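What follows draws every value from the coordinates through simple rules; no lab data is involved. Predicted model only: the values in this text are computed from it and were never measured.
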Amino acid sequence: MTSTELRALPGRTLRRDHTIFAAAMAMETAHLLDDALFDPARGTADVPDATVALLMGLVAVAVYGRLAVWARALLAGLFGLAGLVGGLDAHVLHAIQTGATGADYTGFGHAAAGLVLLALSAVLALRCRTAARVAAAVH
């Protein structure tokens, strides 16, 4: 394709919720990679876990924009709940009890990203509900 043909293609813009989802998933994926590859408690790097974490994050972000609003809310909620519970249980509470070490620092971000994803899920669910209410009023 020539540059003129490329410019003629319709531009695809990212929605704000997709950007927020991608940023939160990047934080969750970064923590999972840190936990799998650099955690000194394990002694060795767990490459299969790191590969699964990376692929899971990439696929989730790639698929997110193609889903209906209710499915995006569900996906954000599931990853948000996993991030919040995992971050709090394995890292934040551990850091409060014994002091932060190793992957606890990215674990704080993991928990924060979980909160962001849960908030995004709630916003999307309300948006979906409002859209359904408007559609019902029109018919």
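Classify the range 36-112 from the C-alpha gyration tensor, please: rounded if a/c falls under 1.5, else prolate or oblate depending on whether a/b exceeds b/c. Judged from the Cα gyration tensor, the range 36-112 comes out oblate (a/c at least 1.5, b/c at or above a/b). For the range 97-103, putting each phi into the Karplus relation 6.51 cos²θ - 1.76 cosθ + 1.60 with θ = phi - 60° gives couplings of 6, 10, x, 6, 9, x, 7 Hz, in residue order, rounded to whole numbers and with x for Gly and Pro.
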